[in-house]
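Written out below as structure tokens is the structure these notes cover.
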Amino acid sequence: MNSSWRSILLHVDAQPASVARLEVALELAERHDGRITALFAALNPAMETSFTYSAGAAYDELSVARRQQWRDLAVERLRRAGGDDDSRIAWFDLAGDAFVSGFVAESAYADLLVVGAPSAGTVTGGPPAGFVESVIVESGRPALVVPAAGPPRGGLGRRVLIAWDGSPQAARALAAALPLLRSAEAVHVASWSSASPCAPCSGLPIEGFLARHEVTAQVHARGPSTHVGDELAALTRHVAADLVVMGCYRHGRAREWMLGGVTRSMLHVARLPLLMAH
């Protein structure tokens, strides 16, 4: 039985980029007869109000009321952007400040996460810094990272580029992408290694594995490089990809954050949606 994305967990906030994520999630839900759980999680807008200690309780009550009003307005804008048919979406709010742990707990009941590309720092109306990276690593679920501009014109998953290194992370991302790959017009596989991208014992090549799933792929075998991130970005343009499939943080998030790495480069620079798994 073919796998599909029947349960989609979508992160939304008060930033305009949430509209693009919502549209992508709706397209995927319609394509796979799925349902969307939309979780609103965003930092409060700054309120420059001075008050005395004795007024603290009243201010806290006012702050909660203002946040609820702000949240309701943001969700209402998203509902309008999603169109009249709300039957595929259930809307919920992540209470308190435990955004990552709440989202990760909910992700256990999702086939796919849809999140936004991380910003350079904390942005009012968006999630806290590091939210996207933490969710991908801690949830164990495949995540579709959608840039602020949304997918390229023409839709998502028509021309797919797979970054393959034979790691467990890449294998999980590839398995998650199969529902899209089967209907893609073109699938490309890129590897940077001194050896061919084949199984070590059976010798099954990556294109042979994909053929078993009724996916025809063109392989781009490259030698080892210290500039994989840049070369991967260039290859996406060369093959006109609208989606990149890749594992993430193979060497650990802390090490990549300090030394740089393909994951960090693609998350913060890529202009295309990324389907990632850890």
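The values are calculated or read from the model by the stated rules, or taken from the named source; none is laboratory data. The model shown is predicted, which means the values in this text are computed figures rather than measured ones. Every residue, glycine as well, gets a Cβ built from its backbone with ideal geometry; the counts of neighbours run over all protein chains shown. The protein model used for the area step is the full one, side chains on, heavy atoms only, and it has no ligands, DNA or RNA in it. Shrake-Rupley method; radii C 1.70, N 1.55, O 1.52, S 1.80 Å.
If I ignore ligands, DNA and RNA and count only protein heavy atoms, how much of LEU73 is accessible to a 1.4 Å probe, in Å² to the nearest 10?
100
Mind checking the per residue accessible area of region 71-180 for me, 1.4 Å probe, whole number of Å²? Provide the component values of the computation, followed by the final result.
Numbers: 4730 Å² over 110 residues.
Using a 1.4 Å probe on heavy atoms only, each residue of region 71-180 averages 43 Å².
Can you work out ³J(HN,Hα) from phi for every residue in region 157-164, in order, using Karplus 6.51 cos²θ - 1.76 cosθ + 1.60 and θ = phi - 60°, giving whole Hz and x for Gly and Pro?
x, 7, 10, 10, 10, 9, 8, 10
For region 110-210, state the semi-axes of the equivalent ellipsoid (square roots of 5 times the eigenvalues of the alpha-carbon gyration tensor), sorted largest first and rounded to whole angstrom.
Values: eigenvalues 165, 59, 30 Å².
Here the semi-axes work out to 29, 17, 12 Å.
Would you calculate the separation in nanometres between label points at SER196 and ARG222, each defined as 7 Å from the Cα along the Cα-to-beta-carbon direction?
Modelled inter-label distance: 2.1 nm.
Could you compute the net charge surrounding ALA41? Neighbours are other residues with a C-beta less than 9 Å from the C-beta of ALA41; K and R count +1, D and E count -1.
Details: positive: none; negative: ASP13, ASP93.
With Lys, Arg at +1 and Asp, Glu at -1, the net is -2.
What nm value, rounded to one decimal, do you get for the distance between ALA148 and ALA175 when each label is placed 7 Å out toward the C-beta?
Here the modelled spin labels are 3.6 nm apart.
Report ILE206's accessible area, 1.4 Å probe, all protein chains in place, as a number in Å² to the nearest 10.
The value for ILE206 is about 10 Å².
Long-range amide H contacts for LEU112: which residues qualify at under 5 Å (H placed 1.01 Å from N, peptide plane, sequence gap of 5 or more or a different chain)?
SER7, LEU9
What figure in square angstrom, to the nearest 10, would you give for the accessible area of ARG172 with a 1.4 Å probe?
Counting only protein heavy atoms, ARG172 exposes about 110 Å² to solvent.
For region 149-263, which semi-axes, largest first and in whole Å, follow from the square roots of 5 times the eigenvalues of its Cα gyration tensor?
Working: eigenvalues 89, 73, 35 Å².
Equivalent ellipsoid of region 149-263: 21, 19, 13 Å, largest first.
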